[in-house]
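Since the structure comes first, as structure tokens, the remarks are kept for the end.
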């Protein structure tokens, strides 16, 4: 365990687990920084709670900040980010509860969307220098981004709404962010 190769080996495992269900091939730009950051975390014996917190609150260049890998892998898609945060960090497959209460487990549709309410402001955007794209960064918006900058958020939402299954055209129910397993909440905004 004192050998740094231990951290590198497990960092590669976690990188693969995170990037396996990526939404966009550009997320692979985070691969090297993810291994570097994760191996540093593992070799320094950083707790999983601290590592997980860093993964879900990360920002910055995906090529330079390995902790951005989980958010980069889903390329700013709120629902997919929610599914992967649950799968990777908690070992819970909750994605089917996005549309209906889980048929074989206890997860309810509203629980999925309460967890999703933490992520609607997370986006990836191009880093530009001298008029050229130089990479991508994870950012969190406090306001709706320009419509042309964020094609995967056409309603320009900064809060998450659970879709109305009976009326998909309706705005849906505004969801309060809640911690998945405890139900503790924080205010929207």
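The values are calculated or read from the model by the stated rules, or taken from the named source; none is laboratory data. Computed from a predicted model, the values in this text were never measured in an experiment. Please note: Cβ atoms are built from the backbone with ideal geometry, for glycine as well, and neighbour counts cover all protein chains shown.
What to note about this one:
- Matching residues, the stretch 27-50, being in contact with a helix residue (DSSP H, G or I) (Cβ under 6 Å, 6 or more places away or on another chain) and not in a helix (DSSP H, G or I): none
- Of the residues in the stretch 139-156, at least one is touching a strand residue (DSSP E or B) at 6+ places or on another chain (Cβ under 6 Å) and either modelled with pLDDT of 90 or more or farther than 18 Å from residue 72 by Cα (or both).
A quick yes/no check of all residues on (1) crowded, with 18+ Cβ neighbours inside 10 Å; (2) more than 19 Å from residue 74 (Cβ to Cβ):
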| site | (1), (2) |
| --- | --- |
| 2 | no, yes |
| 5 | no, yes |
| 14 | yes, no |
| 20 | no, no |
| 26 | no, no |
| 34 | yes, no |
| 37 | yes, no |
| 40 | no, yes |
| 45 | no, yes |
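- Matching option when the condition is crowded, with 17+ Cβ neighbours inside 10 Å and in a strand (DSSP E or B), among 133, 87, 123: 123
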